[in-house]
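A short write-up of the structure that comes next.
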Amino acid sequence: MRLLRLLPSYSRDYAGLRLGGTTAARTLALTIDALVKADALPGPGDWTTLLQPRDPNAIATLANVRRARGCNLWIWYVASDAVLTLHALTNVPPV
């Protein structure tokens, strides 16, 4: 099991989508739980892509993206064997 780390950008995205108490929020929680407990990441069906920084002076991050099943919510993450870092939550799939 990995330690879960939420970056401020993820927290802002979550707050901006107003998910608290909804079916989408519960699905999102289940998806994050599956990521934390996964034996290997990225998993089948995850995408690997560049996450463009919000700060124009920063560099892009190579991130993985997983869709919350049945929702148009996309979790942008970076994982090691010990830590799962959530970078962003969007309602736009990776391109």
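We did not get these values from a lab; they are worked out from the coordinates using the rules stated. Quick caveat: nothing in here was measured; it's all calculated off a predicted structure. Quick reminder, even Gly has a Cβ in these numbers, built from the backbone with ideal geometry, and neighbours come from all protein chains shown.
Checking the structure you have, find out if any residue of segment 25-45 is within 17 Å of Pro94 (Cβ to Cβ) and of a type in the set (D, E, K, R). No, the conditions are met nowhere in segment 25-45. Please go through segment 27-48 and pick out each residue that is surrounded by 13 or more Cβ atoms within 10 Å (Cβ to Cβ) and over 12 Å from the mean Cα position of the chain (by Cα). Thr27, Ala38, Leu41, Gly43, listed by residue number. Where strands (runs of 3 or more DSSP E) sit wholly within segment 18-95, those with at least 2 residues that are more than 16 Å from Leu6 (Cα to Cα) and touching a residue at least 40 places away in the same chain (Cβ under 8 Å) occupy 47-51. The number of residues in segment 1-17 that are without any contact (Cβ under 8 Å) to a residue 40 or more places away in the chain and either outside any helix (DSSP H, G or I) or more than 23 Å from Asp81 (Cα to Cα) (or both) comes to 4.
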